[in-house]
Structures are given as structure tokens and as C-alpha cells.
Amino acid sequence: MNEMMLGRINHIAIVVPDLDGAAAQWQARTGAEVSAPQSLPEHGVRVVFVVAENGKIELLEPLDDSSPIAAFLARNPDGGMHHICFDVDDLYASRDRLIDSGARILGSHEPKIGAHGKPVLFIHPKDMTGTLVELQQA
Ligand code: CO
């Protein structure tokens, strides 16, 4: 119950100022498969996924100024790497282990449904060597 297995890297997320332009650029530069844009009001973002062999690149833009990534974009107007997401076998056990270890979970401690329709939660970057880490129920 107290074990966390870091599974495969599900995606690496990049915040961009112009999602449609960024999606077109990744498609043109790499020829990779790029998903249709999706709005996630609960997370305040619009998102596309670029498919790589061993994971995805998640391109994110804020839905509006109240988006959690609006401040990031204000600090990084050209965009930049924002978080890394790992699959985990048991999200609740992983959360409990993190809390026991002294790490902070962002927002409520209850997972939200993420871009893949699966529960996710985020670990505070200050408790994770300066990088925002997302965990997704595999
Ligand atoms: Co993500």
C-alpha cells in the first residue's frame, strides 16, 4: 500500500503561446502524428499530443488568464518545458506515499481527470527537485 512504482513516462508537457501554431510546427518539423486539440476546462488548458515511440509530447496553452499555466507563460513568453508525467499502477497508494514522504500535492489531494480521461495528480515542484511532476493512473 505504501509502494510507488514509477511506470513509463507518459508525456512531457510544453507550454506554448499559440497551440495551433505549435501543433503545426511539430507536425511540419517531425512528421509525427499530432492529435486534434482538446479543451480541458477543469485544468484551464487546451492541449494537443504529439506521438513519439516511447511517450508523447503534450503541448498546452492557457484557456484564459485564470489558467494555472498563465503565469508560466507570462514568465516564459516563448513557451517552455512545464512538466513530466509518469504512469503509476496505483495513484492513491502513490499519493499516500508522497504525502508520507513530506511532498505536497497540488490543489485538493483528490485526483482530477486528465487529458487521457484517467485520474491524475501533480506533485509540488519544490518537493521534486524543481520540476513539476504529474502522476497518471495507468
Ligand atoms: Co500533463
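Which residue, 23, 79, 40, has the largest displacement toward the positive end of the dipole of the chain when charges sit on each Cβ (Lys, Arg +1; Asp, Glu -1)?
Ranked along the dipole, the leading option is 79.
In nm², what is the average projected area of the convex hull enclosing the Cα atoms of the range 9-137?
That works out to 7.8 nm².
Please determine, in degrees from 0 to 90 and to the nearest 10, the orientation of helix 91-100 with respect to the longest principal axis defined by the Cα atoms of the chain, where the helix direction is its Cα long axis.
Computed tilt is about 60 degrees.
Among the GluC sites (Glu not before Pro) in the range 22-129, which ones are in a DSSP loop with at most 14 other Cβ atoms within 10 Å of the Cβ? Mind listing them? Present the calculation step by step, with values, prior to reporting the outcome.
Numbers: sites: 33, 42, 53, 58; in loops: 33, 42, 53.
Those satisfying the criteria are 33, 42, 53.
Could you grab the relative contact order for the chain? Cα pairs under 8 Å, six or more apart, rounded to a whole percent. Display every interim value, and only then the final one.
On the way: 280 pairs, mean separation 37.6, N = 138.
Worked out over the chain, it gives 27 percent.
Can you tell me which lysines have their Cα less than 21 Å from the Cα of residue 56? Leave out same-chain residues fewer than eight positions away.
112, 118
Would you mind telling me which residue in 123, 57, 99 has the biggest mean-square fluctuation in a Gaussian network model of the chain, where springs connect alpha carbons within a distance under 10 angstrom?
99
May I ask you to list the aspartates and glutamates whose Cα is less than 14 Å away from that of residue 126, ignoring any residue fewer than eight positions away on the same chain?
134
What number, rounded to the nearest 500 deg cm²/dmol, is the helix-based mean residue ellipticity at 222 nm of the chain, given -39500 (n - 2.57) per DSSP H run of at least four residues and division by all its residues? Kindly include the intermediate steps, with their values, before the conclusion.
Working: 3 runs with 28 residues, N = 138.
Value at 222 nm, helices only, nearest 500: -6000 deg cm²/dmol.
With axes computed from alpha carbons, what is the tilt in degrees of helix 19-30 against the longest principal axis of the chain, rounded to the nearest 10 within 0 to 90?
80
What number in nm² do you get for the range 95-135 if you take the convex hull of its Cα atoms and divide its surface by four? Before the final figure, lay out the partial values.
On the way: hull surface 11.3 nm².
In nm², the orientation-averaged hull projection of the range 95-135 is 2.8.
Where the only charges are on Cβ atoms (+1 Lys, Arg; -1 Asp, Glu), what is the dipole of the chain about its Cα centre, to the nearest 20 debye? Intermediate results must be reported in sequence, preceding the final value.
Working: 11 positive and 19 negative charges, 34 e Å.
That gives the chain a dipole magnitude of about 160 debye.
Throughout, read-outs are computed from the coordinates displayed, never taken from laboratory work. No experiment lies behind these values; they were computed from the predicted model shown. Because the Cβ atoms are built from the backbone with ideal geometry, glycine has one as well, and the counts that use them run over all protein chains shown.
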